[in-house]
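The values are calculated or read from the model by the stated rules, or taken from the named source; none is laboratory data. None of the values given here were measured: they were computed from a predicted structure. Counting neighbours? That spans all protein chains shown, and the Cβs are built from the backbone with ideal geometry, glycine included. The area values use the complete protein model at the heavy-atom level, side chains included, leaving out ligands, DNA and RNA. Shrake-Rupley method; radii C 1.70, N 1.55, O 1.52, S 1.80 Å.
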Amino acid sequence: MSRLWARFAGLFSSKSFIGVDKTGNKYFSRMEEIDGLVKEKRWVVFRREEDPTSIPVEWICWLNGQRKRAPTPEEMVELEARRERVKLNVALLKKEEEEKKAREGTGRKVTIGKVDGPDLTSFVRQFPPDSKGGEPEEASEEADKSRAKEHEPEIVSAEPKTTEPSGSGSSFRPGTWQPPS
């Protein structure tokens, strides 16, 4: 109970204002004794509704203890200007890429929604045209026999040649392999 009372009293007595961000959220800290150790407690008071997405990354890092010092207003302005430059550069690169695709004529317009099927023309070109006008030739008995030989299971001797486990499929017998002694 005394610990709870100390935390409640600490909320009103020793908090110090650290800073404010561009959306008006206010940041505070205080020193608090927890289990005999003095630690810094950090928190935010939101200007409007509690929306964690309104907190800038720099302030999140400070709240989580990843930064020792809170971000300064000058640092925040500099980082915001950098973010704007990056956005402009990305837009410029996208525009250049679209112009390049338009000049080459090979660029497909990216659409969201139903996607077209794959282009199968190059796949179909690798097959020779049928000699009978579109009807496939009937397979010969010799071709059937050669295919059957290809798919016959390979017979493997029951005695392994090494002491290491090997094989799979038809040669697998549970419990037959023993580690070398």
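Restricting the range 27-61 to residues that are among the charged types (D, E, K, R) and open to solvent by less than 100 Å² (accessible area, probe 1.4 Å), which is nearest to P73 (Cα to Cα)? Only one residue fits best here, namely E58.
Residue pairs whose Cβ atoms lie under 7 Å apart, sitting 6 or more positions apart in sequence or on different chains, and linking a residue in the range 67-92 that is surrounded by 10 or more Cβ atoms within 10 Å (Cβ to Cβ) to a partner that is hydroxyl-bearing (S, T, Y) and modelled with pLDDT of 90 or more, are A70/Y27. In the range 23-45, the residues that are more than 16 Å from K68 (Cα to Cα) reach residues that are among the small types (G, A, S) and assigned to a strand (DSSP E or B) with C-beta atoms within less than 8 angstrom, at least six apart or across chains, in these pairs: K26/G19.
Screening R67, R125, R103, R82 for residues that are modelled with pLDDT of 70 or more, touching a helix residue (DSSP H, G or I) at 6+ places or on another chain (Cβ under 6 Å) and of a type outside the set (A, V, I, L, M) leaves exactly one candidate, R67. Residues in the range 11-26 that are open to solvent by less than 70 Å² (accessible area, probe 1.4 Å) and touching a strand residue (DSSP E or B) at 6+ places or on another chain (Cβ under 7 Å): S14, S16, I18, G19, N25.
Does at least one position in the range 112-120 carry a residue that is modelled with pLDDT under 70 and open to solvent by less than 80 Å² (accessible area, probe 1.4 Å)? Checking the range 112-120: at least one residue is modelled with pLDDT under 70 and open to solvent by less than 80 Å² (accessible area, probe 1.4 Å).
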